[in-house]
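Here the structure comes first, spelled out in structure tokens, and everything after it is commentary.
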Amino acid sequence: MASVGLATRAMRGTRHFQRRVWHQHRGLTQKTLDIVKDTLPLVAEAGTGFTSHFYQRMFAAHPELLNTFNLANQSQGRQQKALFSAVAASAVSVLENGTLPVELMEGVNQKHCALNVTEAQYNVVGEHILGTITDKFNPGQEVLDAWAELYGALAGYCNKREEELYKEAESKPGGWRGMRKFTLAEKTTRSSVITEFTFRPVDGKPISSYSPGQYTTIWTYPKGTDKRQPRHYSLISETGSDHYTIAVKKESQGLVSSFLHDRTAVGDEFDLSPPFGNFSVAGAQALWTKDADAPVVLLSAGVGITPMLSMLGTLKNGAQASERPVLWLHAAENGRQHAFRDYIVGLARAHPDDLTRRVWYNNPNSDDVMGSDNKAPFHFNGMMDLTQVKDMLPLEKENALYYFCGPIPWMKSIAQQLTQMGVQRSALNFEVFGPNEDILG
């Protein structure tokens with residue numbers, strides 16, 4: 001799960017930290033920058049062939065790292081594409097702006113902490129990035145030294161930022177570092193494809209709170225592989241409670257999702273990482289405290305509903321609950337696959353003046369009832385078309401924030417629709433389930 005595009009207003013602290021640490025570690029000479037600039041087109045031309053070779057090389061030398069990487073993303077080529085995009089974006093940003101791409105790097109750092117990435121693993125990655133450059137291009141020692149200097153500066157920044165995140169997670173009341181044993185306490189079917197899982201700590205001690213929209217990481221040994229597999233799942237339980245709850249969609253080819261749905265039972269034990277992730281309402285809360293009328297739009301499709309649940313709960317039931325207007329827009333295949341519908345309808349009934357919900361069913365069942373009010377099961381047939389609710393969108397409000405999560409093609413469509421309506425990119429906040437993807441284009 002990658003988090004991208006946190007609103008500019010919420011990223012000032014991270015940008016300040018990044019500039020400070022980056023300048024401390026950078027020390028890059030103009031000669032190094034010139035060499036990287038001259039050789040970057042070689043890497044770009046190689047494309048995902050470069051990153052595919054890198055992963056093959058690294059896993060051959062360090063097969064134990066297969067216990068940290070998502071095997072499904074590897075087999076589908078998504079991780080290779082994501083790494084190539086990250087390398088290219090980082091290099092271009094350093095060359096053109098003298099800094100790293102802040103939103104991209106913060107999401108990467110958060111994810112690395114969820115996966116317990118260490119400084120030693122950064123050294124392994126650096127070794128095999130340089131080895132891949134040698135294997136592919138054999139450019140000579142001067143070029144290798146320049147890329148080594150650039151990677152060393154990048155790794156130095158990441159190690160320092162991630163150590164801060166580790167310490168922050170560990171120092172919270174009920175916090176920890178690394179993995180912690182939890183017991184599956186409840187397992188509840190929420191739709192034909194989504195099941196809810198509730199975990200409580202084996203030691204019975206308190207657990208850390210989290211910002212709505214963040215995720216935990218569950219570590220499993222699913223059937224079909226002898227490799228440990230981590231997966232990030234958005235937390236939907238009320239923050240500050242004695243348990244963590246996630247909702248998982250069963251994917252047809254999903255190693256971990258199928259395992260969780262079909263082969264787990266109440267009482268089973270799992271390792272969980274602390275909550276991480278920069279896709280949350282935390283950065284906006286200061287703004288909301290000052291501006292009680294700042295509207296929020298929560299858009300989701302399918303299992304992308306999960307991070308939105310805790311956000312909505314905070315906005316309407318949490319300590320900062322208020323009468324600020326919230327527009328809830330969701331897309332599902334049909335009523336049988338529409339998870340948490342009754343919960344959202346209940347919230348809408350409790351907040352008739354400040355929570356508006358509209359739902360699209362792509363292929364409604366014969367017993368799905370379309371309506372026009374807040375209590376209707378669904379309102380529109382087909383894919384989510386924001387022109388159908390344009391009069392409800394706070395397009396005239398400069399302080400409005402938009403959060404969206406769902407399948408990648410759907411997110412690209414939503415981003416395009418909103419920007420075409422005049423919404424600023426800085427107001428768009430989204431979550432990608434899996435490696436980073438270019439959603440905004």
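The values are calculated or read from the model by the stated rules, or taken from the named source; none is laboratory data. Predicted model, so just to flag it, every value in this text is computed and none were measured. Don't worry about glycine lacking a Cβ; one is built from the backbone with ideal geometry, like all the others, and counts go over all protein chains shown.
At-a-glance table
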read-out	value
Every residue from region 26-70 that is of a type in the set (Asp, Glu) and within 19 Å of residue 144 (Cα to Cα)	34, 38, 45
Conditions (1) surrounded by fewer than 16 Cβ atoms within 10 Å (Cβ to Cβ); (2) modelled with pLDDT of 95 or more: number failed by residue 207	(1)
Contacts under 6 angstrom Cβ, first residue in region 375-395 being touching a residue at least 60 places away in the same chain (Cβ under 8 Å), partner among the small types (Gly, Ala, Ser), 6 or more apart	384/331; 394/400
Hits in region 216-236 - residues which are buried (at least 19 other Cβ atoms within 10 Å of the Cβ), of a type outside the set (Val, Ile, Thr) and over 18 Å from residue 262 (Cα atoms)	232, 234, 235
Number of the exception - residue 134 against (1) closer than 18 Å to residue 114 by Cβ; (2) touching a Leu at 6+ places or on another chain (Cβ under 7 Å); (3) in the same structural domain as residue 47 (by TED's automatic domain parsing)	(1)
Checking residue 101 against (1) touching a residue at least 40 places away in the same chain (Cβ under 8 Å); (2) touching a helix residue (DSSP H, G or I) at 6+ places or on another chain (Cβ under 9 Å); (3) not hydrophobic (A, V, I, L, M, F, W, C), the condition it does not meet	(1)
Residue within region 265-273 that is at pLDDT 95 or above, on the phi < 0 side of the Ramachandran plot and under 16 Å from the mean Cα position of the chain (by Cα) present	yes
Yes/no for residue 33 being modelled with pLDDT of 50 or more, in contact with a helix residue (DSSP H, G or I) (Cβ under 8 Å, 6 or more places away or on another chain), in a helix (DSSP H, G or I) and more than 24 Å from residue 114 (Cα to Cα)	yes
Single residue of region 160-199 satisfying the filter (crowded, with 17+ Cβ neighbours inside 10 Å and of a type in the set (Val, Ile, Thr)) that is nearest to residue 235 (Cα to Cα)	198
Residue in region 274-294 that is modelled with the lowest pLDDT, counting only those that are buried (at least 19 other Cβ atoms within 10 Å of the Cβ) and part of a loop (DSSP other than H, G, I, E, B)	281
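Conditions (1) without any contact (Cβ under 8 Å) to a residue 60 or more places away in the chain; (2) in a strand (DSSP E or B), marked per residue:
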| site | (1), (2) |
| --- | --- |
| 198 | yes, yes |
| 204 | yes, no |
| 207 | yes, no |
| 222 | yes, no |
| 227 | no, no |
| 231 | no, yes |
| 237 | no, no |
| 241 | yes, no |
| 246 | no, yes |
